[in-house]
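So the structure is just underneath, and the comments pick up after that.
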Amino acid sequence: PAAKAGLRAGDQIVRIDAKPTKNMGLAEVVRMIRGPRGTSVTLTIMRGGLEAPFDVTIMREIIQVKSVKTKIMENEFGYVRITQFQEKTAKDLRKAIEELREKKVKGIVLDLRTNPGGLLEQAVEVADLFLSEGTIVTISGRKKENVARFSARRNGEYEGPLVVLINEGSASASEIVAGALQDHRRAIIVGSKSFGKGSVQTIFPLDDGSAVKLTTARYHTPSGRSIQGEGIQPDITVEANLVRKKDAVRPLREKDLEREPKEKREQKEPAEEEDFQLNMALQILKGWEALRGKGSNP
């Protein structure tokens with residue numbers, strides 16, 4: 001809907017239905033922009049190169065976001081990115097794996113970077129596609145008897161070389177998948193330490209209309225590691241996510257949003273070869289046989 005209305009990457013929203021966004025929290029911005037299908041919202045936009053703001057009215061619609069994206073790299077490796085865990089993520093991933101298998105890829109990079117998580121059952125099903133047996137995740141409640149264990153059931157639909165990318169933005173369901181594949185030595189985990197969101201929170205409404213949010217359970221990897229506050233530590237740490245060229249422009253950050261827009265702040269899309277973590281993953285896949293020959297069995 002935003003693209004149809006003419007919004008562009010880099011536009012700054014300064015008002016929502018005439019209400020200034022300065023000092024407005026992200027949750028409030030999202031709440032005001034979202035709404036029932038068929039209703040409208042008017043955004044006041046500042047755009048680089050223009051002196052005055054202008055209004056754009058957007059008709060709200062149901063947005064279908066594809067959570068699984070794939071491509072072939074260097075003509076022989078598969079790249080799969082999961083942006084979040086939605087209702088059809090595992091189904092879409094299964095289809096993607098089938099297509100990559102038909103193209104006879106020699107290995108797959110599973111990119112979970114900056115994936116905030118999503119549906120638990122989808123995380124379990126995604127991990128199940130790569131595991132032949134064993135526990136995927138255990139959920140432990142406050143009492144010892146409150147334990148739920150999810151295990152692999154599909155005998156692993158993809159058994160080839162696998163590298164998983166994570167970073168500090170990989171949370172919750174992403175950490176469940178990465179932790180399971182790491183503990184079972186099914187994949188090599190590359191990147192930086194994940195977020196550490198491994199708690200289940202339940203909201204209890206109170207009589208006065210308020211509510212209390214309590215942590216009622218925690219996620220544990222197959223080996224028993226708690227994800228909460230700890231995160232997943234990569235097998236190979238590559239802290240620098242992107243190595244930018246000298247002429248690349250720093251992307252906008254939240255602290256920049258209240259400043260006057262400037263054309264020079266327009267964000268450049270990093271070139272594929274600049275992604276150092278991804279390059280490392282490809283090098284691992286290329287040397288997979290050599291690694292296995294030295295006794296490594298991820």
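The values are calculated or read from the model by the stated rules, or taken from the named source; none is laboratory data. Note that the structure is predicted; figures quoted are calculated from it, not measured. Cβ placement follows ideal geometry from the backbone for every residue including glycine, while neighbour counts extend to all protein chains displayed.
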Please specify each residue of the stretch 103-124 satisfying the condition of being over 19 Å from N155 (Cα atoms) and not hydrophobic (A, V, I, L, M, F, W, C). K103, K104, K106, D111, R113, T114, N115, P116, G117, G118
Out of (1) surrounded by fewer than 14 Cβ atoms within 10 Å (Cβ to Cβ); (2) in contact with a strand residue (DSSP E or B) (Cβ under 8 Å, 6 or more places away or on another chain), the one E159 does not meet is (2)
Criterion: in the same structural domain as R186 (by TED's automatic domain parsing), under 30 Å from L214 (Cβ atoms) and touching a residue at least 12 places away in the same chain (Cβ under 8 Å) - qualifying residue of V80, V105, V137: V137
Restricted to the stretch 84-127 and to residues being among the polar types (S, T, N, Q) and surrounded by 22 or more Cβ atoms within 10 Å (Cβ to Cβ), the residue farthest from F276 (Cα to Cα) is Q122
Which members of the stretch 19-44 meet the condition of being farther than 15 Å from E61 by Cβ, of a type in the set (K, R) and part of a loop (DSSP other than H, G, I, E, B)? K22
Taking R81 as the residue in question, decide whether it is surrounded by 17 or more Cβ atoms within 10 Å (Cβ to Cβ), charged (D, E, K, R) and under 25 Å from the mean Cα position of the chain (by Cα). yes
Could you pull out the residue among R47, R31, R94, R37 that is closer than 30 Å to T221 by Cβ and of a type outside the set (F, W, Y)? R94
Any residue at all in the stretch 58-77 that is among the aliphatic types (A, V, I, L, M), touching a strand residue (DSSP E or B) at 6+ places or on another chain (Cβ under 6 Å) and surrounded by fewer than 13 Cβ atoms within 10 Å (Cβ to Cβ)? yes
Every residue in the stretch 10-28 that is out of contact with any Ser or Thr (no Cβ under 6 Å at 6 or more places or on another chain), of a type in the set (A, V, I, L, M, F, W, C) and surrounded by 10 or more Cβ atoms within 10 Å (Cβ to Cβ), please. I16, M24
Report yes if R31 is outside the structural domain of V200 (by TED's automatic domain parsing), in contact (Cβ under 8 Å) with a residue 60 or more places away in the chain and either in contact with a Leu (Cβ under 8 Å, 6 or more places away or on another chain) or of a type in the set (D, E, K, R) (or both), otherwise no. no
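Look at the stretch 196-212 and say how many of its residues are within 18 Å of I139 (Cα to Cα) and either of a type outside the set (G, A, S) or outside any loop (DSSP other than H, G, I, E, B) (or both).
6
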